[in-house]
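First comes the structure, then the notes that go with it.
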Amino acid sequence: MSESAYREMWEKLDLDLAAHDGLLEVLGKFYGDIYLSQKGRLNGAEYLDFVLSEVHGLRIKELQDAKAQGKKVIGTFCVFVPEELSLAADAVQVGLCSGADAGKELAEEIVPRNTCALIKSFIGFKLAKLCPFTESCDMIVGETTCDGKKKAYETFGEHVDNMYVMEVPQRKEASDRELWKSEVLRFKDSLEELTGVEITAERLKKGIRIVNEKRRALQRLNALRAAVPTPISGRDVLLVNQISFYDDPVRFTENINKLCDEIEERIAASEGVVPEGTPRVMLSGCPMAVPNWKLPWLIESSGAVIVGEESCIGTRNSRDLVDESGETLEEMLDNIADRYMKIDCACFTPNDERPQNVESMARELDVDGVIQYALMFCQPYTHESIKLDRRLSEAEIPVLGIETDYSMEDAEQLKTRVEAFLEMM
Ligand code: BJ8
């Protein structure tokens, strides 16, 4: 598609074209510095580069084409929203979390300043008219996870059409499972009403299979990257996880499996993206949405390699599959409810699974240290970081806690802390 056709599309979506041009320019430069400058990347990374370069172009065109064919677009902010159901309703589901400071001042007019950067970012992108994904949505799904998000959706909802909020329980008792199942059913009904498509057992089975295949590809990638020497950079795997929320799920799975085939060849030849002996680090904590690449870049440019992300844009989203043995609609809906109740988000209390998961992941990946990442003002993850710090220290796994936002102002200071941590490891 030509540049002028893209501009016409963005204009129709009511984007602020001048501000949007500025955003794409900064994004392109940032991507070049952080991604394209890497040495020894896999050929399959071309897919990542292509998707990222067309994230506001070709992918948005695809969404417009889907809409022209009568399909609906569902926007989400959290891994609790079951994509299986959206696919079964013949809809397209896309992630709307954003990882850049755009529109921050506008966002601070409607949410408190001491709100995390992720929330301010999705609000800022909307208010500054910068996000073609948000503007393409027929329904935007929020969820009652942290207080920041659930209060923000009240005001955000005044600025978008068709805001829908799923109630996510805060505990994991039988009554919470019951509540969650009823929310899964309510979401199914709302999708059917929006799309006019009845979610049958056959359609849902297909939706479950597509999303499971996507998660299987991510599991395969996570298993392969654990090899020594490390065959793929942490930055590239983070990008894979980020793209998993935007790209068509079938195309994504196919490309990630091809990337994994190439990684297998690399492993067989004992080739790594970094030399053997490079310190292995695992990230744990808040999700890192596109283009939040600051910390991974600082870590990997300090001489370490990231071999795991315990995060929703990471293994928390791919660890569990939906049981595929269900045959009736009811069985499948139960299996979906069960799978999503396993998510160990810090919004749950108690949340004993998460420390266990973090420690066992660190051991399985044989990491030299864990870097806990929390966005400033994120209560759930900063609270849990204290407990996790204690647990990992007791297990003699070196740990560093980082609290930051999306600005680059603290980059130098963070780099110094990361370097000191790597030396200490
Ligand atoms: S399941 S982690 S995607 S809620 S960083 S907005 S928690 S103040 S993102 Fe999340 Fe779903 Fe949980 Fe995952 Fe609040 Fe913290 Fe901000 Fe956060």
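Label 7 Å along Cα→Cβ of Q64; the range 1-44 residues with amide nitrogen under 14 Å?
Answer for this model: 1-17.
Please give me the summed charge of the neighbours of K188: other residues whose Cβ is under 12 Å from its Cβ, Lys and Arg +1, Asp and Glu -1.
Values: positive: K181, R186, R203; negative: E84, E183, D189, E192, E193, E198, E330.
Local net charge: -4.
What helices does the chain have that are whole DSSP H segments, at least 20 Å long along their own axis by Cα, and with mean Kyte-Doolittle hydropathy of 0.0 or more? It would help to have the intermediate numbers written out before the result.
On the way: long enough: 17-31 (21 Å, 0.64); 174-195 (32 Å, -0.81); 201-224 (34 Å, -0.76); 249-268 (28 Å, -0.55); 379-394 (23 Å, -1.45).
Helix filter hits for the chain: 17-31.
Fewest first, what order do E327, E62 take by the number of other Cβ atoms within 10 Å?
E327, E62
Give me a comma-separated list of calculated 3J(HN,Hα) values for the range 309-316, in order, Karplus coefficients 6.51, -1.76, 1.60 applied at θ = phi - 60°, integers in Hz, x for any Gly or Pro.
10, 8, 6, 6, 9, x, 5, 4
With a ≥ b ≥ c the root eigenvalues of the C-alpha gyration tensor of the range 3-200, is it rounded (a/c under 1.5), prolate (a/b larger than b/c) or oblate?
prolate
Stretched out fully, how many nm does the piece from L24 to S301 gain, at 0.36 nm a residue minus the Cα gap?
The L24-S301 span can extend by a further 97.3 nm.
Can you compute log10 of I(q)/I(0) for the chain with the Debye formula, treating each Cα as one identical point scatterer, at q = 0.07 Å⁻¹?
Listed by q, the Debye log ratios stand at -0.32.
The range 258-345: percent of C-alpha pairs farther apart than 18 Å? Mind showing how you got there, number by number?
Working: 2404 of 3828 pairs.
Of the Cα pairs, 63 percent sit more than 18 Å apart.
Please compute the net charge surrounding R251, taking Lys and Arg as +1 and Asp and Glu as -1 over other residues with Cβ under 13 Å from its Cβ.
That works out to -3.
In whole Hz, what ³J(HN,Hα) sequence does the range 104-115 give by Karplus (6.51, -1.76, 1.60; θ = phi - 60°), x for Gly and Pro?
Using θ = phi - 60°, the values come out as 4, 4, 5, 4, 6, 7, 10, 10, x, 4, 8, 10 Hz.
For a quick check, take a GNM of the chain with Cα springs below 10 Å and name the residue from K12, K188, K67 with the largest mean-square fluctuation.
Of K12, K188, K67, the Gaussian network model singles out K12 as fluctuating most.
Within 10 Å, count the other beta carbons around each residue, average over each peptide in 100-106, 406-412, and list them highest first.
By packing density, highest mean first, the sequence is 100-106, 406-412.
Take E419, E324, E84 and order them by how many other Cβ atoms sit within 10 Å, fewest up front.
E324, E419, E84
Listing V273, V55 from the residue with the fewest other Cβ atoms within 10 Å to the one with the most, what is the order?
Taking fewest neighbouring Cβ atoms as first place, the list is V55, V273.
Scan around G308 for amide H atoms under 5 Å from its own, H built in the peptide plane at 1.01 Å from N, and keep only partners 5 or more places away or cross-chain.
HN-HN under 5 Å from G308: L283.
What are the residues whose amide H is under 5 Å from the amide H of D405, where those residues sit 5 or more places off or on another chain and H is modelled from the backbone?
M376
Report ³J(HN,Hα) in whole Hz for each residue of the range 92-97, in order, from the Karplus equation J = 6.51 cos²θ - 1.76 cosθ + 1.60 where θ = phi - 60°; Gly and Pro get x.
10, 10, 10, x, 10, 5
Read-outs: derived from the displayed coordinates by stated rules, not from any lab. Everything numeric here is computed off the predicted structure, so don't read it as measured data. So basically every Cβ, Gly included, is an ideal-geometry build from the backbone, and we count neighbours across all protein chains shown.
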